[in-house]
Structures are given as structure tokens and as C-alpha cells.
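Colleague: This is the structure I have questions about; it appears just below.
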Amino acid sequence: MLRLIRPLSAPTTTVLMLLAASLSAWGAKPFFQRGVNFTAEGPDGYTGSRARPLLEKLGAFGVDSIALVPYAFTSRSVPSVRFGGGFETDEGIEQVATAAHALGMKVLLKPQVWVRTGFPGDLEFTHPSDRAKWFAGYRTYIEHQAALATRIRADLFCVGVEFVKLSSDEKEWRRVIARVREIYRGPLTYGATQGQEFENLQFWDALDYIGLNNYYPLPDDLSTAALVRKVEAVQRRFNKPVLLTETGFSSYESPHRQPWDETPRKVAQQDQARCYEAIFRGFYGKPWFYGMYWWKVGTDGHGGPEEGSFTPWGKPAMQVMKRWYTTEPVRAR
């Protein structure tokens with residue numbers, strides 16, 4: 001049962017009732033997630049000796065959910081999907097998931113695909129036979145990951161991430177989702193790229209959470225008003241709770257202008273912190289919003305005061321995260 005920390009208006013209560021009903025068909029209720037993407041970094045990945053102590057440190061910042069991110073590999077020219085042999089071994093994922101659950105954390109398993117010389121949104125495969133072959137390979141990969149999600153008792157599973165051109169094939173994705181539901185009984189999401197994919201995806205109704213990989217640019221005043229309107233428009237069409245399956249900014253100068261860009265330039269960690277603050281202020285109190293996973297904190301603990309990458313670790317953004325993550329939103333989990 002949802003515990004309210006203050007009385008809600010009738011419209012807000014209606015939204016929450018709709019969200020709970022949308023998940024009840026799968027035997028689940030929405031839960032709020034104060035998360036980070038906890039990525040496997042070399043050479044030891046998730047099996048390294050630093051992973052468990054780092055999880056404990058994350059808990060001190062209010063983090064109660066982690067996304068574990070295994071990778072498969074593909075290319076734009078060959079319609080095949082290969083997996084296994086990377087840093088993100090099944091054994092390592094099982095170890096980290098067990099440790100996270102022991103610490104009272106939720107686990108999102110978020111399998112992704114690494115595209116050589118590109119990103120998943122570049123994949124297209126216009127010839128029907130090539131597309132069918134690629135989806136067959138992807139289903140094999142995602143079935144393996146769904147079985148792993150069941151073994152580790154993942155609290156949430158992501159069926160795909162940032163397939164901008166391929167996600168328009170609604171029939172294939174509904175087939176993927178139906179197959180995953182046969183293997184894994186928990187709630188499902190998809191991590192859509194900001195813009196056209198997120199705003200026009202047609203199979204949100206088949207999932208339990210609307211997932212956004214949020215790298216929408218912000219204006220120089222860091223207003224999130226236009227961004228929140230875009231997200232809320234999708235939420236109203238499908239009446240599903242919303243997650244930011246990824247959101248983040250580098251700690252280089254003015255990261256709000258192209259949040260996906262990690263090109264080295266002047267380090268400006270306060271700029272990153274201000275962008276974190278803007279996203280929290282824009283989303284945290286919305287009744288349809290159920291949390292975010294910041295990109296990223298690596299198992300090797302990289303970061304620190306002179307570092308400019310996406311990680312907030314050892315930077316002012318972690319203090320922003322702590323302040324918000326240790327404050328209740330409109331409703332608790």
C-alpha cells in the first residue's frame with residue numbers, strides 16, 4: 001500500500017490509482033527508485049574486490065537501487081548479436097546482486113548492446129531478412145538475460161536500450177516482451193533515447209514502467225519546464241509510472257547543452273552539480289515519477305576532483321544526490 005507523507009489532491013490520487021492498477025496485472029506495484037547505473041569497469045568488473053565496499057558507500061548517499069549493465073556486441077553491417085566474455089559476467093552480476101539485496105537495495109538488470117563505431121540507435125537493417133536475423137539473435141541474448149534476472153531475483157528488468165530505428169518495429173518488440181514475460185515475472189521497462197524514440201514509442205502499454213534515457217539538452221538557465229512537459233505528455237497517453245533509466249551529465253564545462261557529449265574540455269564540476277539539481281527539482285515531486293538511475297558510478301571507483309567524465313563519484317554532484325535521495329518525494333515506496 002502506498003504511504004503518503006502529505007494529503008494528496010483528487011487528481012493526484014487518481015494518477016496514483018491508475019499507476020497501481022497498470023502494474024497489478026503483473027502482480028507488482030510501483031516502487032520509488034533512488035538509483036545509479038553501477039557499471040563494471042576493468043579489469044575485474046563486477047567480481048572485483050572493490051565492488052561490495054563501493055555499494056556500501058553508495059548507501060550512505062541514499063542510493064537504494066542499482067542498475068547492473070551487461071553488454072552484447074553487434075555492428076551496423078552484420079545482423080548478429082554476440083555476448084559473453086566481457087567484464088559483465090553472469091557470475092559477477094550474481095555476486096553484486098546478492099550483495100545489493102543484502103544491503104536492502106533494489107536491482108534493475110539493464111542489458112545493453114555495444115555497437116562498434118556507433119550506438120544502438122544507429123542500427124537499422126532495412127532488408128527484412130537481415131532485420132529478422134538480428135531480432136532472432138537479440139531474442140537469444142535477452143532470453144539469457146531474463147533467465148539471469150530470474151536467478152538473481154532482479155526487482156526490475158529492461159528489455160532494450162536506445163534502439164531508435166529498430167524500436168519502430170512494434171510487432172518484433174511485442175514479441176520480445178511476450179517472450180521475456182514467460183521467463184521473468186517481475187516488472188519490465190525499456191530505456192528509450194530522448195526525442196523521437198521516447199515520444200513516439202508505441203509499445204509502452206506492454207510494459208510496466210515508461211523508461212527514458214534522459215539526455216535532453218537544457219537551456220542555459222537550466223529550466224526543466226519544457227522537458228517535463230514532453231515526459232508528462234507520454235505519461236498521460238499510457239498512464240504508466242516513469243523512470244529515468246539513465247540520466248546524467250559530464251563534469252566538463254556547460255554539460256547541459258549536449259548532455260550526451262563527453263569530449264574533454266575544461267573541467268567544471270559545479271556545472272555538473274547544478275544540472276543534477278535541475279533534474280531533481282524538475283521531476284522529484286511529480287506523482288507519476290518513480291525515480292532515476294544516474295549515469296554512472298563504476299566498480300573501480302573512478303572519479304575525483306580533477307576528473308571530467310560522467311561519474312559523479314567524488315564530486316559535488318554526489319552531495320546533491322545525497323540531499324535529494326535522503327528526502328522523501330511526494331510518496332514513499
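Colleague: For the range 239-270, enumerate the residues that are among the aromatic types (Phe, Trp, Tyr) and under 26 Å from Lys286 (Cβ atoms). Before the answer, list the steps.
Modeller: Step one: of the range 239-270, the residues among the aromatic types (Phe, Trp, Tyr) are 249, 252, 260.
Correct list: Phe249, Trp260.
Colleague: Residues to consider are Pro264, Pro255; find the one that is surrounded by fewer than 16 Cβ atoms within 10 Å (Cβ to Cβ) and more than 30 Å from Ala206 (Cβ to Cβ). Steps first, please.
Modeller: Numbers: Pro255 fails: surrounded by fewer than 16 Cβ atoms within 10 Å (Cβ to Cβ).
After applying the criteria, what remains is Pro264.
Colleague: Please tell me if Gly121 is buried (at least 17 other Cβ atoms within 10 Å of the Cβ) and farther than 20 Å from Ile183 by Cα.
Modeller: Numbers: buried (at least 17 other Cβ atoms within 10 Å of the Cβ): yes; farther than 20 Å from Ile183 by Cα: yes.
Answer is yes for this residue.
Colleague: Now, a different point. Sort through Tyr325, Tyr293, Tyr284 and tell me the only one that's within 18 Å of the chain's Cα centre (by Cα) and over 28 Å from Gly48 (Cβ atoms).
Modeller: Tyr284
Colleague: Under 7 Å between Cβ atoms, at least 6 apart or on separate chains: pull out the pairs that start in the range 24-49 with a residue that is over 25 Å from Gln95 (Cβ atoms) and end on any residue that is in a strand (DSSP E or B) and modelled with pLDDT of 95 or more.
Modeller: What qualifies is Pro30/Tyr290; Phe32/Tyr290; Phe32/Gly291.
Colleague: Quick check: is even one residue across the range 263-278 at pLDDT 95 or above and farther than 21 Å from Glu306 by Cα? Can you show your working first?
Modeller: To start, the set of residues in the range 263-278 that are at pLDDT 95 or above comprises 263-278.
Those left that are additionally farther than 21 Å from Glu306 by Cα: 278.
Yes, there is a match, as at least one residue in the range 263-278 is at pLDDT 95 or above and farther than 21 Å from Glu306 by Cα.
Colleague: A further question on this structure: Which condition number does Cys275 fail, the rest of (1) farther than 25 Å from Asp155 by Cβ; (2) touching a strand residue (DSSP E or B) at 6+ places or on another chain (Cβ under 8 Å) being met?
Modeller: Going through the list (1) farther than 25 Å from Asp155 by Cβ; (2) touching a strand residue (DSSP E or B) at 6+ places or on another chain (Cβ under 8 Å), Cys275 breaks only (2).
Colleague: If you scan the range 51-82, which residues turn out to be within 27 Å of Phe32 (Cα to Cα) and of a type in the set (D, E, K, R)? Give the steps one after another, and end with the answer.
Modeller: First, pick out the residues of the range 51-82 that are within 27 Å of Phe32 (Cα to Cα): 51-71.
Answer for the range 51-82, where residues must be within 27 Å of Phe32 (Cα to Cα) and of a type in the set (D, E, K, R): Arg52, Glu56, Lys57, Asp64.
Colleague: Name the residues in the range 283-333 that are under 16 Å from Val63 (Cα atoms), touching a residue at least 40 places away in the same chain (Cβ under 8 Å), part of a loop (DSSP other than H, G, I, E, B) and not hydroxyl-bearing (Ser, Thr, Tyr), would you?
Modeller: If the condition is that a residue be under 16 Å from Val63 (Cα atoms), touching a residue at least 40 places away in the same chain (Cβ under 8 Å), part of a loop (DSSP other than H, G, I, E, B) and not hydroxyl-bearing (Ser, Thr, Tyr), then Gly301, Pro312, Lys315, Glu328, Pro329, Ala332, Arg333 are the ones that fit.
Colleague: Same structure again: From the list Ala233, Ala273, pick out the single residue that is part of a helix (DSSP H, G or I), over 19 Å from the mean Cα position of the chain (by Cα) and either in contact (Cβ under 8 Å) with a residue 40 or more places away in the chain or within 23 Å of Ala67 (Cβ to Cβ) (or both). Outline the logic, then answer.
Modeller: Values: Ala233 fails: either in contact (Cβ under 8 Å) with a residue 40 or more places away in the chain or within 23 Å of Ala67 (Cβ to Cβ) (or both).
Among Ala233, Ala273, only Ala273 is part of a helix (DSSP H, G or I), over 19 Å from the mean Cα position of the chain (by Cα) and either in contact (Cβ under 8 Å) with a residue 40 or more places away in the chain or within 23 Å of Ala67 (Cβ to Cβ) (or both).
The values are calculated or read from the model by the stated rules, or taken from the named source; none is laboratory data. None of these values were measured; they are calculated from a predicted model. Note: ideal-geometry Cβ built from the backbone for every residue, glycine included; neighbour counts use all protein chains shown.
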